[in-house]
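The values are calculated or read from the model by the stated rules, or taken from the named source; none is laboratory data. A quick note: this is a predicted structure, and the numbers were derived from the prediction, not measured. Backbone-built Cβ (ideal geometry, glycine too); neighbour counts: all protein chains shown. Just so you know, the surface numbers come from the protein's heavy atoms only, side chains and all, with ligands and any DNA or RNA stripped out. Shrake-Rupley method; radii C 1.70, N 1.55, O 1.52, S 1.80 Å.
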Amino acid sequence: MLLRAQAPIAGSPLEAAEVDAPIPEPGEVRVRVRCCATCRTDLHVIEGDLPPRRLPIVPGHQVVGTVEALGPDARRFTPGDRVGIAWLRSTCGTCAFCAAGRENLCERSAYTGWTADGGYAEYCCVPEAFAYAIPPGFDDAEAAPLLCAGIIGYRALRRSHVQPGGRLALYGFGSSAHITLQIARHWGCRVYVSTRDPAHQRLARDLGAAWAGGSTEPLPERVDGAIIFAPAGELVPPALRNLEKGGTLALAGIHMSDVPAMAYEPHLFWEKTLQSVTANTRTDGEALLAEAAAIPVKPRVTRYPLAEANRVLQALAGDRVTGTAVLMLG
Ligand SMILES: [Zn+2]
Ligand SMILES: [Zn+2]
């Protein structure tokens, strides 16, 4: 499914196209795609909230498949191995951020489905160093949302500094939040979920939220940490207000509408921290996959044929997806 020009998803801009199978570069593997989970970032790439890095482009960055061909010098995997491909596709390895173990801030990073073709296709290439071995406990569709929704939610959870047994608020309850909630519950946190959609509120309660309510309803109590998953800057001031003294609000999205002006005392004083989350390191990815397998996390997935990508992303844009929508190949 190819994007030739950025356009609103309502116009079904993804086009089923025949393209040559990609040839793996040195150090890369070619993966035969089994499925690719959808993500709000796909919408940002398609609709132009993110500037185009390459067009035409095959979107999709939560890919599960099997290694099918090895490029020159690729020796980490053998054909047939099941692997995952995530958003972070490569880093330079030499800039100050890479050298400091902060490769998520790399000056010359590349991204699956944005700077290089992604997983809405039969084949996808990835540098072997940025592929993940998928733990055996997950089927393909369940594993796919772990690769961005899971990893970013996990990084956001850690950036929120909520401690085991602490109080956590989640704003917006899509693919990432429904995985993050399961991890936080495993940590013994009391979790409050703020989302306007009744089906999302129901899923949150099913997964162990102590409270789930509308985005304008007050939380039952102040929280130690909070994460905003919705791309809505207007949620920032009330979320900061709902923090306990010393609490941290993490912003999990790659794109957000403008944050309104805030007053100092109720929103930021009392040593409250406002913290964005930028992509992830491979260490985050490995840690999330290991912890998700140990808990085990159970992503709630709905499977669709790849050809329905436009319709599925329209549903995602309209907040009509509960859990994660996964596009299946074959
Ligand atoms: Zn770098
Ligand atoms: Zn994503």
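Build a GNM of the chain with springs between Cα atoms under 10 Å apart, and of ALA239, ALA279, ALA290 the one that fluctuates most is ALA290. Averaged over its residues, segment 55-118 has an accessible area of 40 Å² per residue, based on protein heavy atoms and a 1.4 Å probe.
What range in the chain is the longest one free of GluC sites (Glu not before Pro) that are in a loop by DSSP and have at most 14 other Cβ atoms within 10 angstrom? Result, exposed sites excluded: 108-220.
As a fraction of the 1.4 Å probe accessible area of the chain, surface on carbon and sulfur atoms comes out at 51 percent.
The dipole here belongs to the chain: it is taken about the Cα centre, uses +1 on the Cβ of Lys and Arg and -1 on the Cβ of Asp and Glu, and is about 660 debye. The residue among THR180, GLY71, GLY93 whose Cα reaches farthest toward the positive pole of the charge dipole of segment 59-193, with charges on the beta-carbon of Lys, Arg, Asp and Glu, is THR180. Dipole size of segment 195-330 about its Cα centre, with +1 on Lys/Arg Cβ and -1 on Asp/Glu Cβ: approximately 440 debye, rounded to the nearest 20. When only alpha carbons are used to place a centre, segment 1-61 and segment 252-287 end up 27 Å from one another. Going through segment 224-315, which chymotrypsin sites (Phe, Trp or Tyr not before Pro) have at most 13 other Cβ atoms within 10 Å and a DSSP loop state? Those satisfying the criteria are PHE269, TRP270. If you take the charge dipole of segment 174-265 about its Cα centre, with +1 on Lys and Arg Cβ and -1 on Asp and Glu Cβ, which of GLY253, SER215, LEU203 is farthest toward its positive end? Of the options given, the answer is LEU203.
If you average the C-alpha positions of segment 87-115 and of segment 122-147 separately, how far apart do those two centres end up, in angstrom? For segment 87-115 versus segment 122-147, the Cα centre distance is 19 Å.
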